[in-house]
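Structure record follows, encoded as structure tokens.
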Amino acid sequence: MKTLIFLLLFCSFSFAQTSTEKWNDYNRRYEYFDSNGNMTGYKTYNSYTQAWEYYKIENTQRQVVQSYDFNTAYKVLEYKQNKFDNNFAKIQNYINHMFDNLRQSDNEPEIINRVIRRFEDEAVDKIPKDADLSQDYNRELIMKFLYQQAKRIMKSEGLLKE
């Protein structure tokens, strides 16, 4: 009786599961993984031969294909941030210059204040908050938009003649 129990235990340990089979619905195949989670092979159904075909994967070690150069990434991000800051400052200076010219004009102060408020509401607040100011093209578009809005507002307030 002891030998029978011993044989049953020995057989169960000697035939322990060494791989796991999982169905991959995307690739329509069964994949086999070892105890570390590495894929060791896969089988697909060949409808032409009407048989399952097994493919073994020899090299399961992962290799780094491309290293990441943090120094270059830092330089690129620093360059883009500097461009953003410079373009933001140019837009701010452009707005300040328009306001200064308007304040120095001979118009009534309440009209000037109304134009400035309208410009802030109808133009400045309409600039997209996620605009990529690290690109000069976007800066130029924004400045053109601000100019057109300022001209439109000043015409509607009677400060510009057509």
Using +1 at the Cβ of each Lys and Arg and -1 at the Cβ of each Asp and Glu in segment 14-162, identify which of Thr44, Asn93, Tyr30 lies farthest towards the dipole's positive end.
Thr44
Would you mind getting me the FRET efficiency between Leu77 and Tyr26? Use the beta-carbon distance for r and R0 = 41 Å, nearest 0.05.
0.70
Mean projected area (nm²) from the convex hull of Cα positions in segment 103-161 is 4.5
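Each reported figure results from applying straightforward, stated rules to the coordinates on display, with no laboratory input. Keep in mind that what you see is a predicted model, and the values were worked out from it rather than measured. Cβ coordinates were reconstructed from backbone atoms using ideal geometry, including for glycine residues, and neighbour counts include every protein chain displayed.
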